[in-house]
Structure formats: structure tokens, C-alpha cells
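The values are calculated or read from the model by the stated rules, or taken from the named source; none is laboratory data. Remember, it's a predicted structure, so these values are computed and weren't measured experimentally. All Cβ positions, glycine included, derive from the backbone under ideal geometry; neighbour counts span all protein chains shown. For accessibility, only protein heavy atoms count, side chains too; no ligands or nucleic acids. Shrake-Rupley method; radii C 1.70, N 1.55, O 1.52, S 1.80 Å.
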Amino acid sequence: MKASIKFLMVLMAVMLSSAIKPKQVSSQQFDVSYQVFYDQLSPYGQWVDNPSYGYVWLPDAGRDFVPYSTQGHWIMTEYGWTWVSDYVWGWAPFHYGRWDYDDYYGWYWVPDTEWGPSWVIWRRAEGYYGWAPMQPGISINVYFERDYNMQSEYWMFVRDRDFQRTNLNRYYADRSVSQTIIVNSTVINTTYVDNSRHTTYVSGPNRADVQRTTGKSVNRIAVQEYNKPGQKLNKTSLQIYRPQVEKNNNNGRKPAPARITDKQNIKQPSGRNANTQPGNLAPANNGKQRQDQQQKQQIQQQQDRQKQQQQKNQQPRQNQQLDPQKQQQQQDQQIQQQKSQQQEQQQLKQNQQQQQQQRDKQKVQQQQQLNQQQDQQKQQLQQQQRQQQDQQKQQQQKQQVDQQKQQRQQIDQQKQQQQQMKQQQDQQKQQQNQQNQQQQQQQQRQQQPNTVKPQNNNTNTQPAQPRNSAEPSKNKQKKQTNENKRTEPPK
């Protein structure tokens, strides 16, 4: 008995735990079509038939709505920086498809089949991180392989130190400086390859760089599967609904929204009520309330359809009861109404075409202005570089001229020193010559014979005869040697 009771208790505990804990279903088990987008997003916006993209969705989020900017923040996952939206419907349009902007209708979403942490492009500037939604038809390869320019008003920039904040909408840079930031920025081209989905994502800024600039650790949050439309975030994981989506149903029927709004009836973003209140991160009770609201809205839609069908069925019966004249009058009125409607439609088409042409012209002009600004900036940079080069050349030339002057001065000084040396040597030679002459003169004086003084006699005066006849010849020889010495040049 005790063993059976224990077994029953264990079985009950397992059943309770499985009932309380939500099942983590693999994304490969889901097989849904675009119909899930049409049904889940209808309560929060309008579906419009676009001639270029098919059915597109306009959110009722107010005139200040900007995708990947309003009501959300960034978290780090294994796929890179992932956008977590505070909107109930944020699981779909921020992780599937692309966003684009229309001057009249505002932002609209184009569905697609690929899931991603976010479909944005990134830039890095001095003290800033920036991102912008990828437009329809633009893939990562197109963005990296060619110069893909996007209008500056589509970019959102925030200080790198504020990048991890959960209230990012309070810290965005002013749009007036976006163009200057873009010009001085570089593309962030880091990617993550998801082999399970065969898709490549732009992962965004480097985790280490964000930690260094913010001064805070960046925790990596795990992405887990969620078995129903929506998402939940806690400190360690993000549970999000991300099925494998196909364009068409398995039964061969083409998916379509239950309610499609005519372009004539679409209001501008300022005139649309913001029915999409944030709250996807709320507790489970709010999730039940949202489900109840969705069920009520679906029931209301079904009732509206039934009323429309009843009215259509009642109209033939009423027409049968009327007189032929009245029927004719009604037919004429209907024809006139149709004509007037056709005229109005034609006028609207013409107006739309004119508006589209004006928008295209504005886009072309804006692109030309951007190109001109970039060209001007390039020219300015080139001029600055040329001026710097010219200045450097002038400085080099001045330095060379100064060096040559110094060398010439040194050479002149050396020449002067050599001349002075020569003059000193000449003076010394002259002095030596003079000394030699003086010495020779002294020697000559010493070598001259002593002259005999005559004796005074009163009667006879006779000259004294030399003692020896050989002495005069000796004196002559001495004089010749002295003269020869004088004529020899000084050594």
C-alpha cells in the first residue's frame, strides 16, 4: 500500500509540473503560413493591399511610432543583439519581414518567412551606436557588397554608454545631427550564421566594446521556443514564438486577412488611435486578458460579417417588392453613384500618382543632396590634405635652404680660417727672414778685418803696408761667400 501511494504521489507531481511549466516546443515542429500574421495582427492595425508587396500591415501605434525605437530595448543573445519589444504584437514584425516608410501612411510592415533577432543595419561612430530598419528587398549581402545609402531620418543613434538602457527612447540623439554622425561613422559588419535555419544575421556591436564603454557586464540571454504567439523575458531567457513560416497553406488556399482596408479609408498616423499598448512582458494574468480581448474581437468580426451577409440577402427581396418605376429610379441612382465613385476613384488615383511622383522627386533630390554633401566633404578633405602636403613641402624646402645657408657659412668660415692661417704663416716666414738677415749682418760685421790707424808724422806720412800679401785675397773670398749667402733664398 505504501509503495502504491508513493507511486501515485510521484505521478501526480509529474502531472502537475508538466501542467504548470510551459512546453518548450522546437521551432522545427511549427508549420504555419502568413495567416498567423494576418489573424494575430489584425486587432492592432490595418491590412492594406500594396501593389508592390501584397498585403502590408499599418500598426495603430500613434504618430511617434518608429520600428526598433519605440517601446523596446536591446539584449545580448547567442544570435547577437536582439530587439525586445514592449508591444503585445512585437514577436512578429520585429523578427520577421521588413519595414518601410510612406510619407502619407507612415511606417508599414511587409511580412516574410525568415526569423531573426532583428532585421536592422548597424553603424559605429565616435561615442555613438546607430541602427536602421532594413527595407524590403534588401538582404545582408546587398548591404555589405555595395554602398547602400539610407536616409538619415531612418537612423536612430544613442550614446555608446547608454546602449544597454531599457528606456532607450529617452536617450536618442537629435535627428538634426544624424547626417554628421553618419558621415563620420563606419559599418558594423559582424554576422552570425544560424545553421539550424540556414540564415545569416547582422549581430551588431562587439560585446567586449559595449562592456568597456558602458562599464557594465553584458550577460548573454538564452532564446527559448514559446508554443503560442507572444514572448516572455526574464533574467536568464527570452521565450518567443518563432515558427517556421510558409507563404501558403498546406491545403492550397492562399492566406489573406479577414479585413482589408481600402487605401481611401486609411488615415495618417496622427489620426489613427494607438490601440497597441505595451505589455508583452507582463505576468500571465495579462496574457489571459489579451486572449479574451482577441476572442471578443474575433467574435465581433464574425458578427459583422453575418450582418453584412444578411443585408445583402435582404436587398434582392426588397427590390422585388418595389414597383418597376422605383426599381428603375434606384438603378439610375446606383449607376450615377457608381459613376461618381469611379470619378472619385480616378481623381484619387491621379492624386496618389501625383503624390507618388512628388515623393519620388523628393527622394531623388534628397539622394542628390546627400551625394553632393558627400562630394563636398570629400573635396574639403582632399583640399585639406593638399594644403597639408603643400605646407609640408614648404617646410622641407625651408629646411633645405636653411641647411644650405648653414653649410655655406661653415665653408666661408673655414676659408677665412685658412686665409688667416696663411697670413700667420707668411708673417712667421717674414720674421724668420728678418732674423736670418740680422744674423748674417752680425756675422759679416764680426768677420770684417781690423783697420790700422795712420800715424801722424810731421815730416813724412807713408801708408802702412800690409803685413802679409795673402790677407786681402782671403778677405775677398769671405765677402763673396757672404754675398752668396745673402742671395740664397731662406729655407
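Could you go through segment 82-98 and let me know if any residue there is open to solvent by 50 Å² or more (accessible area, probe 1.4 Å) and either touching a residue at least 12 places away in the same chain (Cβ under 8 Å) or not polar (S, T, N, Q) (or both).
No, segment 82-98 has no match at all.
When LEU370 is evaluated against the numbered criteria (1) within 30 Å of PRO51 (Cβ to Cβ); (2) open to solvent by 100 Å² or more (accessible area, probe 1.4 Å); (3) not hydroxyl-bearing (Ser, Thr, Tyr), which criterion, by number, is the only one it fails?
Of (1) within 30 Å of PRO51 (Cβ to Cβ); (2) open to solvent by 100 Å² or more (accessible area, probe 1.4 Å); (3) not hydroxyl-bearing (Ser, Thr, Tyr), only one is false for LEU370: (2).
Being hydroxyl-bearing (Ser, Thr, Tyr) and outside any loop (DSSP other than H, G, I, E, B) is the filter here; which residues of segment 43-96 pass it?
The answer is TYR44, TYR55, THR77, THR82, SER85, TYR87.
Filter segment 24-64 down to residues that are hydroxyl-bearing (Ser, Thr, Tyr), open to solvent by less than 50 Å² (accessible area, probe 1.4 Å) and modelled with pLDDT of 90 or more and give me whichever is farthest from ASP262 (Cα to Cα).
Per the criteria, the residue is SER33.
Among GLN388, GLN417, GLN392, which is the only one that is over 30 Å from ASN184 (Cα atoms) and at pLDDT 85 or above?
Going through GLN388, GLN417, GLN392 in turn, just one is over 30 Å from ASN184 (Cα atoms) and at pLDDT 85 or above: GLN417.
Residue under question is GLY116, and the condition is that it be within 28 Å of TYR34 (Cα to Cα), open to solvent by 10 Å² or more (accessible area, probe 1.4 Å) and more than 21 Å from the chain's Cα centre (by Cα); does it hold?
Criteria not met by GLY116.
Looking at segment 207-228, which of its residues are over 19 Å from ARG197 (Cα atoms) and more than 28 Å from the chain's Cα centre (by Cα)?
LYS228
So which pairs qualify, if the first residue must be in segment 373-398 and closer than 23 Å to ILE181 by Cβ, the second must be in a helix (DSSP H, G or I) and open to solvent by less than 100 Å² (accessible area, probe 1.4 Å), the Cβ gap must be under 9 Å, and the two must be at least 6 apart or on different chains?
Final answer for the pair search is GLN373/GLN179; GLN373/VAL183; GLN374/VAL183; GLN377/VAL183.
Please specify each residue of segment 131-150 satisfying the condition of being surrounded by 23 or more Cβ atoms within 10 Å (Cβ to Cβ) and either modelled with pLDDT of 95 or more or not small (Gly, Ala, Ser) (or both).
Once the filter is applied, which keeps residues that are surrounded by 23 or more Cβ atoms within 10 Å (Cβ to Cβ) and either modelled with pLDDT of 95 or more or not small (Gly, Ala, Ser) (or both), segment 131-150 yields TRP131, PRO133, MET134.
Go through the residues of segment 385-394 one by one and say whether even a single one is surrounded by 10 or more Cβ atoms within 10 Å (Cβ to Cβ), out of contact with any Gly (no Cβ under 7 Å at 6 or more places or on another chain) and within 30 Å of MET150 (Cβ to Cβ).
Yes, segment 385-394 contains a residue that is surrounded by 10 or more Cβ atoms within 10 Å (Cβ to Cβ), out of contact with any Gly (no Cβ under 7 Å at 6 or more places or on another chain) and within 30 Å of MET150 (Cβ to Cβ).
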